[in-house]
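Participant: Just passing along the structure, written as structure tokens.
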Amino acid sequence: MKYHTVIEKLSQELVREDQLELLLRERAIRLAADLLRQGELVAFPTETVYGLGADATRSEAVAQIFLAKGRPQDNPLIVHIAREEQLKQIIAGPLPPLAEKLIKTFWPGPLTIIVNKNEAIPPVITAGLDSVAVRMPAHPVARALITAAGIPLAAPSANLSGTPSPTLATHVWTDLQGRIPLIIDGGPARIGIESTVVDLRAQTPLILRPGGLSRERLEAVLGIELEVAAEITAEEEKPLSPGMKYRHYSPATPLLLNNFDRAEQLAEISEQYRDKRIALVVTAETARWLEHLANNFKVVVMGSRSSPAGIAANLFAILRELDHLKLDKIIVEMIPETGIGMAVMNRLHRASKVE
Ligand code: TXA
Ligand code: MG
């Protein structure tokens with residue numbers, strides 16, 4: 001079906017002050033909750049990236065998500081809840097002890113846990129797996145929406161499959177206008193990179209996707225070292241996290257990584273891409289020495305090396321903006337894989353892969 005897509009903007013004050021009661025009375029939230037209960041899709045802000053929600057208890061509603069995004073059917077979705085009681089509707093058996101610990105510390109927030117699912121969860125959500133991904137987002141609008149709708153929401157990032165995740169309502173509009181009835185604009189996503197996905201079913205928990213919650217913080221709470229799932233290739237039969245086998249987070253412009261640790265690299269790049277239109281996406285520290293040498297390039301500062309969180313918050317928006325310029329190449333500076341830097345580098349490695 002072709003939709004006339006509406007964007008409903010919420011006051012930033014309500015969002016900042018986390019006024020759940022007031023938010024529940026907002027027209028945009030009531031409209032969105034009605035649509036969701038009718039089996040329609042709604043895009044909404046979370047603290048990580050914008051999500052595209054559907055009633056997680058209805059297969060036909062969830063199936064629309066795959067159509068709207070052009071998402072492969074074998075890539076399962078995260079179920080979003082607003083209260084811990086909602087877990088009962090989703091998981092089979094009691095929570096693993098480690099899950100309890102993580103939930104207590106990090107929910108609501110950018111943590112997604114993989115646990116055993118119960119029969120109420122339709123197979124279309126989990127791509128037929130017997131596990132399910134669950135997350136309780138911290139964003140007041142996401143919480144108000146799930147509460148108002150009274151149902152758990154299946155929600156992937158609200159982008160077309162393969163493009164960088166949306167961190168602004170306008171990014172959703174670019175990708176999904178005409179395909180969904182409503183986008184709730186709650187301002188920029190604070191974290192800017194997707195949640196950390198942790199599989200808690202085995203003895204040792206496994207990070208399936210690095211994200212907005214750092215490995216270091218998880219390890220500090222669990223008191224053990226965590227494994228991070230190796231990159232899964234499309235050839236492998238049984239990917240641990242099915243989403244990881246797809247090229248992802250990619251601007252249409254080819255993307256390359258560089259560590260910019262020597263001035264000569266700039267000369268090499270200039271030589272190699274003579275007469276080409278190139279953007280260099282670098283840290284403020286690198287921009288300081290590079291900018292006056294790089295006047296034939298467009299230089300974009302993504303943040304400071306001392307704040308990988310700042311870089312995470314800017315990254316997807318920068319990649320989307322540069323895409324509009326139809327350049328020949330985007331060259332991005334690599335950053336240390338500590339803290340949220342691990343998630344940033346994970347996304348950049350994927351975006352730089354050629355199919
Ligand atoms: O921050 C986020 O996680 C955002 C916001 C909207 O909540 N959502 C998001 O969803 O990034 P999506 O669909 O773009 O990514 C979900 C990831 C995929 O890599 C998928 O393969 C993995 O979670 N996943 C979902 N269910 C799984 C399962 N049962 N077992 C293993 N991996 C699973
Ligand atoms: Mg996604």
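The values are calculated or read from the model by the stated rules, or taken from the named source; none is laboratory data. This is a predicted model, so every value here is computed, not measured. Don't worry about glycine lacking a Cβ; one is built from the backbone with ideal geometry, like all the others, and counts go over all protein chains shown.
Participant: Within region 297-309, is there a residue that is at pLDDT 90 or above, assigned to a loop (DSSP other than H, G, I, E, B), away from ligand 2 (no atom under 16 Å from the Cβ) and under 25 Å from Pro156 (Cα atoms)?
Facilitator: no
Participant: What's the total number of residues in region 248-271 that are within 29 Å of the chain's Cα centre (by Cα), at negative phi and at pLDDT 85 or above?
Facilitator: Of region 248-271, the ones within 29 Å of the chain's Cα centre (by Cα) are 248-260.
Then keep just the ones that are at negative phi; that gives 248, 250-259.
The next check asks that each one be at pLDDT 85 or above; those that pass are 252-259.
Count: 8.
Participant: I've got another one for you. Evaluate the following for Asn116: is it under 14 Å from the mean Cα position of the chain (by Cα) and either within 12 Å of ligand 1 (Cβ to nearest atom) or not in a loop (DSSP other than H, G, I, E, B) (or both)? If you could, list the steps in order and put the result at the bottom.
Facilitator: Numbers: under 14 Å from the mean Cα position of the chain (by Cα): no; either within 12 Å of ligand 1 (Cβ to nearest atom) or not in a loop (DSSP other than H, G, I, E, B) (or both): yes.
Judged against the criteria, Asn116 is not a match.
Participant: Sticking with this one: Looking only at region 15-24, which residues are more than 23 Å from the chain's Cα centre (by Cα) and within 16 Å of Phe44 (Cα to Cα)?
Facilitator: Leu20, Leu23, Leu24
Participant: Ser59 versus (1) closer than 18 Å to Val132 by Cβ; (2) touching a Leu at 6+ places or on another chain (Cβ under 7 Å); (3) of a type in the set (S, T, N, Q): which is the lone unmet condition?
Facilitator: (2)
Participant: Any chance region 327-345 includes a residue that's without any contact (Cβ under 8 Å) to a residue 60 or more places away in the chain and in contact with a Ser or Thr (Cβ under 8 Å, 6 or more places away or on another chain)?
Facilitator: So far as region 327-345 goes, yes, one or more of its residues are without any contact (Cβ under 8 Å) to a residue 60 or more places away in the chain and in contact with a Ser or Thr (Cβ under 8 Å, 6 or more places away or on another chain).
Participant: Looking at region 172-221, what strands (runs of 3 or more DSSP E) fall wholly within it and have at least 1 residues that are of a type in the set (Ser, Thr, Tyr) and within 16 Å of ligand 2 (Cβ to nearest atom)?
Facilitator: Working: elements: 182-185, 196-199, 206-209.
Answer list for region 172-221: 196-199.
Participant: For the subset of region 119-159 comprising residues that are part of a strand (DSSP E or B) and near ligand 1 (Cβ under 8 Å from one of its atoms), which member is farthest from the chain's Cα centre (by Cα)? Show your work before the answer.
Facilitator: Just the residues of region 119-159 that are part of a strand (DSSP E or B), to begin with: 131-135, 153-154, 157.
Next, only the ones that are near ligand 1 (Cβ under 8 Å from one of its atoms) stay: 131-133, 135, 157.
Values: Ser131: 20, Val132: 17, Ala133: 14, Arg135: 12, Ser157: 6 Å.
Looking at residues that are part of a strand (DSSP E or B) and near ligand 1 (Cβ under 8 Å from one of its atoms), I get Ser131.
Participant: Right, here's the next one. Among what's in region 251-294 and is in a loop (DSSP other than H, G, I, E, B) and of a type in the set (A, V, I, L, M), pick the residue that is farthest from Thr163 (Cα to Cα).
Facilitator: Taking region 251-294 as the starting set, the residues that turn out to be in a loop (DSSP other than H, G, I, E, B) are 251-254, 259-262, 273-277, 294.
Those still in the list that are of a type in the set (A, V, I, L, M) too: 252, 294.
Details: Ala252: 8, Ala294: 28 Å.
Selected residue: Ala294.
Participant: Also, I was wondering about something else. Could you check region 192-206 and list, in sequence order, the residues that are within 14 Å of ligand 1 (Cβ to nearest atom) and surrounded by fewer than 24 Cβ atoms within 10 Å (Cβ to Cβ)?
Facilitator: Asp199, Leu200, Arg201, Ala202, Pro205, Leu206, listed by residue number.
Participant: Moving on. Name the single residue, out of those in region 161-182 being under 22 Å from Arg58 (Cα atoms) and in contact with a Lys or Arg (Cβ under 9 Å, 6 or more places away or on another chain), that is surrounded by the most Cβ atoms within 10 Å (Cβ to Cβ). Walk me through it before giving the result.
Facilitator: We begin by selecting, within region 161-182, every residue under 22 Å from Arg58 (Cα atoms); these are 161, 176, 179-182.
Those left that are additionally in contact with a Lys or Arg (Cβ under 9 Å, 6 or more places away or on another chain): 161, 176, 179.
Numbers: Ser161: 18, Leu176: 22, Arg179: 19.
In this case the residue turns out to be Leu176.
Participant: Something else: What is the residue count in region 121-130 for residues that are surrounded by fewer than 18 Cβ atoms within 10 Å (Cβ to Cβ) and in contact with a Pro (Cβ under 9 Å, 6 or more places away or on another chain)?
Facilitator: Matching residues across region 121-130 total 3.
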